[in-house]
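To keep things clear, I will list the structure first and then write my remarks on it.
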Amino acid sequence: MNDPNGMFYLDGEYHLFYQYYPDSTVWGPMHWGHAVSRDLTHWEHLNVALEPDSLGYIFSGSAVVDSMNSSGLGTEETPPIVAIFTYHDPKKEKSGTVEIESQGIAFSLDKGRTWEKYSGNPVLPNPGARDFRDPKVQLFQGKDGEEFWLMTLAVSDHIEFYSSENLKDWEKIGEFGKRIGAHGGVWECPDLIPMKTPSGELKYVLLVSINPGGPQKGSATQYFIGDFEDGVFTPDDTMIRWMDYGPDHYAGVTWSNIPTDQERVVLIGWMSNWLYAQEVPTKTWRSAMTIPRSLSLIDIKGTLLLKSEPVAELSQLRKSSDEIEGQSALPSVATELTVDIDNEKPFLIHFRNELGEQFRFTRENGLLSIDRTNAGISDFDPDFADIHSAPMSWPAKNLRIFLDAHSVEVFVNQGELVMTSTLFPNSPWKEVILSENLKMLNYSH
């Protein structure tokens, strides 16, 4: 599995679709897998939602609840859920044709359990671009108060915006990014999110995943903060901002149709990196999602940044908790650790097992780092065993660490800076050691 797709909320259920190849643990003809949850922590797998057809593989996209039946694919009594996705045609690709990707739609009249593809696909043909994919669609209100469907689409090295009244007929209204931001690889998986600043001002956050070209090599997600009007996104500045400074967070997008009374934006990402995603040493499964994260804007010394905080529902997974100092055995392979930091001195949190394998999370010389150079199996890729660092120019006051059997997700100051990393130890982590200036740590498991 890889990118999360088609995420929407309806009648108490969070729907998560994802790029999926049912027949192997390496990439192949892409389908949309499907899972649902009522609390973002316990998930039920459902049947595969979308399968390849004569138009191609089913690549990434989004889904919306068409409550007004603007598409005409349902009725007023039973409005449709409409999925908007990229078709990738392997036959055209093999022949050397450029126009291998287009956008199609499918609809569901039973709350996402079954899907029917639209007979008029593709609804947005390829205009002549090699990479033309990952539509993120939302209901948008223009300055005149009229609502329309807005599509944010990744096109090679930039983003294009399209509008529609019915989800079937699309018109290009703008583009952004050809000479702005990081351009070490292809732009993918965009998301345009309206958010309020701490002072209450409306801003738009544009997420753009890029592969390769991330800060730790390979895949990563950058974001821009600015204004959006009439198809024009105007960034506040040209600063390159990264959503997650670890090596293993990519293609994250947000849920649509979350009730306004929740007052939150929720994102989930793919926990891997295209540098080695198909080579990691797992057999019965390959890849996972990150934990879900609530997004908000924060002001750090006059600069707006995106905060990614673990969703509140994760606290219900806690079974018991303990306080430790110095050195302690870990109670479980799935553990949440929290620590308060009293000063700006260097610190070290050290995890290890009985085989001598270890990884470390440190702060030193203005850098927060995850060191996985000796964290277990790494010979599947020459870049895997490395130290991954992030600059942090403001105080780190607390840490929240989610440690699982093959991953660690570190949230500094509840998500003001985040680092996600996969790890493949030959034996579970057995022990945690704290440097002297970290006097107390709580863990829940």
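From Pro198, Pro190, grab the single residue that is closer than 16 Å to Phe224 by Cα and either open to solvent by 20 Å² or more (accessible area, probe 1.4 Å) or assigned to a strand (DSSP E or B) (or both). Reasoning before the result, please.
Details: Pro198 fails: closer than 16 Å to Phe224 by Cα.
Checking each option against the conditions leaves just Pro190.
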If Ile84 meets every condition in (1) within 24 Å of Pro259 (Cβ to Cβ); (2) part of a loop (DSSP other than H, G, I, E, B); (3) β-branched (Val, Ile, Thr) apart from one, which number is that one? (2)
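Within region 242-257, can you find the residues that are among the aromatic types (Phe, Trp, Tyr), open to solvent by less than 20 Å² (accessible area, probe 1.4 Å) and either over 27 Å from Gly12 (Cα atoms) or assigned to a loop (DSSP other than H, G, I, E, B) (or both)? Lay out the reasoning, then the answer.
Keep residues of region 242-257 that are among the aromatic types (Phe, Trp, Tyr), which gives 242, 245, 250, 255.
Still in the running and open to solvent by less than 20 Å² (accessible area, probe 1.4 Å): 250, 255.
Trp255, the sole residue that qualifies.
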I want to confirm something. Restricting to region 339-360 and keeping residues that are touching a residue at least 40 places away in the same chain (Cβ under 8 Å) and of a type in the set (S, T, N, Q), which single residue is least open to solvent (accessible area, probe 1.4 Å)? Asn353
Mind counting the residues in region 157-181 that are assigned to a strand (DSSP E or B) and hydrophobic (A, V, I, L, M, F, W, C)? 4
Selection count where residues are closer than 14 Å to Gly231 by Cα, touching a residue at least 40 places away in the same chain (Cβ under 8 Å) and in contact with a Ser or Thr (Cβ under 6 Å, 6 or more places away or on another chain), scope region 162-187: 2
Scan (1) assigned to a strand (DSSP E or B); (2) without any contact (Cβ under 8 Å) to a residue 40 or more places away in the chain; (3) of a type in the set (Asp, Glu) for the single condition Glu336 breaks and write down its number. (2)
Search region 258-281 for residues being outside any loop (DSSP other than H, G, I, E, B) and within 12 Å of the chain's Cα centre (by Cα), and hand back the single one that is surrounded by the fewest Cβ atoms within 10 Å (Cβ to Cβ). Val266
Does at least one position in region 417-436 carry a residue that is within 25 Å of the chain's Cα centre (by Cα), surrounded by 20 or more Cβ atoms within 10 Å (Cβ to Cβ) and within 16 Å of Leu348 (Cα to Cα)? yes
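Across region 13-22, which residue is farthest from Trp285 (Cα to Cα) among those that are in contact with a Lys or Arg (Cβ under 9 Å, 6 or more places away or on another chain) and open to solvent by less than 20 Å² (accessible area, probe 1.4 Å)?
As a first pass, look at region 13-22 and keep what is in contact with a Lys or Arg (Cβ under 9 Å, 6 or more places away or on another chain): 13-15.
Within this subset, residues satisfying the condition of being open to solvent by less than 20 Å² (accessible area, probe 1.4 Å) are 14-15.
Values: Tyr14: 23, His15: 21 Å.
Looking at the filtered set, the residue picked out is Tyr14.
Take the conditions modelled with pLDDT under 95, open to solvent by 40 Å² or more (accessible area, probe 1.4 Å) and out of contact with any Ser or Thr (no Cβ under 7 Å at 6 or more places or on another chain) and apply them to Val333. Does it pass? First the steps, then the outcome.
On the way: modelled with pLDDT under 95: yes; open to solvent by 40 Å² or more (accessible area, probe 1.4 Å): yes; out of contact with any Ser or Thr (no Cβ under 7 Å at 6 or more places or on another chain): yes.
Here the answer is yes, as Val333 does meet what is asked.
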Hey, does region 145-154 have a residue that's among the charged types (D, E, K, R) and out of contact with any strand residue (DSSP E or B) (no Cβ under 8 Å at 6 or more places or on another chain)? yes
Looking only at region 203-221, how many residues end up being among the polar types (S, T, N, Q) and either surrounded by fewer than 21 Cβ atoms within 10 Å (Cβ to Cβ) or modelled with pLDDT under 95 (or both)? 1
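What do you reckon, is Lys136 of a type in the set (Lys, Arg), assigned to a strand (DSSP E or B) and in contact with a strand residue (DSSP E or B) (Cβ under 9 Å, 6 or more places away or on another chain)? Don't jump to the end; show me each part of the working.
Numbers: of a type in the set (Lys, Arg): yes; assigned to a strand (DSSP E or B): yes; in contact with a strand residue (DSSP E or B) (Cβ under 9 Å, 6 or more places away or on another chain): yes.
In short, yes.
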Is it fair to say Val155 is over 23 Å from the mean Cα position of the chain (by Cα) and either without any contact (Cβ under 8 Å) to a residue 60 or more places away in the chain or open to solvent by 10 Å² or more (accessible area, probe 1.4 Å) (or both)? no
Mind listing just one residue for me: the one in region 61-104 that is within 27 Å of the chain's Cα centre (by Cα) and of a type in the set (Gly, Ala, Ser) and, of those, surrounded by the fewest Cβ atoms within 10 Å (Cβ to Cβ)? Ser67
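How about region 380-406: which of its residues are open to solvent by 10 Å² or more (accessible area, probe 1.4 Å) and assigned to a strand (DSSP E or B)? Steps first, answer last, please.
Restricting attention to region 380-406, the residues satisfying the condition of being open to solvent by 10 Å² or more (accessible area, probe 1.4 Å) are 380-383, 385-387, 389, 391-395, 397-398, 400, 402, 404-406.
Residues satisfying the conditions are Ile387, Ser389, Pro391, Asn398, Arg400, Phe402, Asp404.
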Just to be sure, is Lys111 touching an Asp or Glu at 6+ places or on another chain (Cβ under 8 Å), open to solvent by 30 Å² or more (accessible area, probe 1.4 Å) and among the basic types (Lys, Arg)? yes
For region 17-34, does any single residue satisfy the condition of being among the small types (Gly, Ala, Ser) and under 18 Å from the mean Cα position of the chain (by Cα)? yes
Residue within region 117-138 that is open to solvent by 20 Å² or more (accessible area, probe 1.4 Å) and of a type in the set (Val, Ile, Thr) present: no
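The values are calculated or read from the model by the stated rules, or taken from the named source; none is laboratory data. Note that the coordinates shown come from a computational prediction; the quantities given were computed from them, not determined experimentally. When we count neighbours, we look across all protein chains shown, and the Cβ atoms used for this are built from the backbone with ideal geometry, even at glycine. These accessible areas exclude ligands, DNA and RNA; they are computed on the full protein's heavy atoms, side chains included. Shrake-Rupley method; radii C 1.70, N 1.55, O 1.52, S 1.80 Å.
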